[in-house]
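The structure appears below as structure tokens.
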Amino acid sequence: MFRFLTFIILCLFITSCSNFHGKFVEYKRLLPDPNDLPCCWQIREKIEIISSSKQISLSAVTVISEKKLIVVIFDPLGRRLLNISQTGREVKVEKEKEMTLELPIELLLLGIFLVDMPDSGWSFKGSDWLVERSGNKKILKHANSVIVSMTEVNLPFEELTENRMISNLSYHDLDLEVKITRLEKQRL
């Protein structure tokens, strides 16, 4: 029995030391399905995360293909830190060992859906989601609790296109704000 336990612990240690960590993530709240996002496109974004007087600047590439959402997050030098993929309601997270920051993956995915998904996508079986709109602001609620609010920043008319926009997200469960600047959007 002792040798078997030692073997299991050794296997766990070896797999935890690998360079790229992957895991499937399950959430208490049902996430929307990527099929409800407009297909098929890729966007490049600059992401500024502000929490407890700390500010982190990252970049991301988001791809929506048929039935799949992929988000790759890069550090300021362009090195890949995190890969998030969602197929249906299953989410897989792969994290580089250099990634020491714990990001709220579920909330980041909800922000992507809030920015790009039509309101009808929040109505699915088992969903307690509700999106409220007021001018340039959207509020996402789950079971009558505010989770995320998003404000689209007004750009000068000549800069305002589908390909370029700025969204400020406030996460109400956390002391967290995320500013997303869409740099480029391309159809696939």
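All but one of (1) under 20 Å from residue 34 (Cα atoms); (2) surrounded by 15 or more Cβ atoms within 10 Å (Cβ to Cβ); (3) out of contact with any His (no Cβ under 9 Å at 6 or more places or on another chain) hold for residue 80, so report the exception by its number.
With (1) under 20 Å from residue 34 (Cα atoms); (2) surrounded by 15 or more Cβ atoms within 10 Å (Cβ to Cβ); (3) out of contact with any His (no Cβ under 9 Å at 6 or more places or on another chain) applied to residue 80, the lone miss is (1).
Can you tell me which residue is modelled with the lowest pLDDT among those in segment 29-58 that are within 16 Å of residue 99 (Cβ to Cβ) and surrounded by 17 or more Cβ atoms within 10 Å (Cβ to Cβ)?
Looking at the filtered set, the residue picked out is 49.
Would you pick out the residues in segment 66-77 that are on the phi < 0 side of the Ramachandran plot, surrounded by fewer than 14 Cβ atoms within 10 Å (Cβ to Cβ) and either in contact with a strand residue (DSSP E or B) (Cβ under 7 Å, 6 or more places away or on another chain) or not in a loop (DSSP other than H, G, I, E, B) (or both)? Step through it out loud before you land on a result.
The initial filter retains those residues of segment 66-77 that are on the phi < 0 side of the Ramachandran plot, namely 66, 68-77.
Within this subset, residues satisfying the condition of being surrounded by fewer than 14 Cβ atoms within 10 Å (Cβ to Cβ) are 66, 76-77.
Of everything in segment 66-77, just one residue is on the phi < 0 side of the Ramachandran plot, surrounded by fewer than 14 Cβ atoms within 10 Å (Cβ to Cβ) and either in contact with a strand residue (DSSP E or B) (Cβ under 7 Å, 6 or more places away or on another chain) or not in a loop (DSSP other than H, G, I, E, B) (or both), namely 76.
Just for segment 64-88: of the residues that are of a type in the set (Lys, Arg) and touching a Pro at 6+ places or on another chain (Cβ under 8 Å), which one is farthest from residue 44 (Cα to Cα)? So that I can check it myself, show each step before the final result.
We begin by selecting, within segment 64-88, every residue of a type in the set (Lys, Arg); these are 67-68, 79-80.
Pick out the ones that are also touching a Pro at 6+ places or on another chain (Cβ under 8 Å) and you get 67-68.
Working: 67: 20, 68: 17 Å.
Only one residue tops the list, namely 67.
Residue 82 - would you say it is out of contact with any Leu (no Cβ under 6 Å at 6 or more places or on another chain) and either of a type in the set (S, T, N, Q) or modelled with pLDDT of 90 or more (or both)? Explain how you work it out, then say what you get.
Numbers: out of contact with any Leu (no Cβ under 6 Å at 6 or more places or on another chain): yes; either of a type in the set (S, T, N, Q) or modelled with pLDDT of 90 or more (or both): yes.
Considered against the rule, which asks whether it is out of contact with any Leu (no Cβ under 6 Å at 6 or more places or on another chain) and either of a type in the set (S, T, N, Q) or modelled with pLDDT of 90 or more (or both), residue 82 comes out as yes.
Just a yes or no: is a residue in segment 129-152 modelled with pLDDT under 90, out of contact with any His (no Cβ under 7 Å at 6 or more places or on another chain) and buried (at least 17 other Cβ atoms within 10 Å of the Cβ)?
No: segment 129-152 contains no residue that is modelled with pLDDT under 90, out of contact with any His (no Cβ under 7 Å at 6 or more places or on another chain) and buried (at least 17 other Cβ atoms within 10 Å of the Cβ).
Please verify whether residue 24 is of a type in the set (Phe, Trp, Tyr), outside any helix (DSSP H, G or I) and at pLDDT below 50, treating the condition exactly as stated.
Values: of a type in the set (Phe, Trp, Tyr): yes; outside any helix (DSSP H, G or I): yes; at pLDDT below 50: yes.
Considered against the rule, which asks whether it is of a type in the set (Phe, Trp, Tyr), outside any helix (DSSP H, G or I) and at pLDDT below 50, residue 24 comes out as yes.
The values are calculated or read from the model by the stated rules, or taken from the named source; none is laboratory data. This is a predicted model, so every value here is computed, not measured. With ideal geometry, Cβ positions are generated from the backbone for all residues, glycine too; neighbour counts draw on all protein chains shown.
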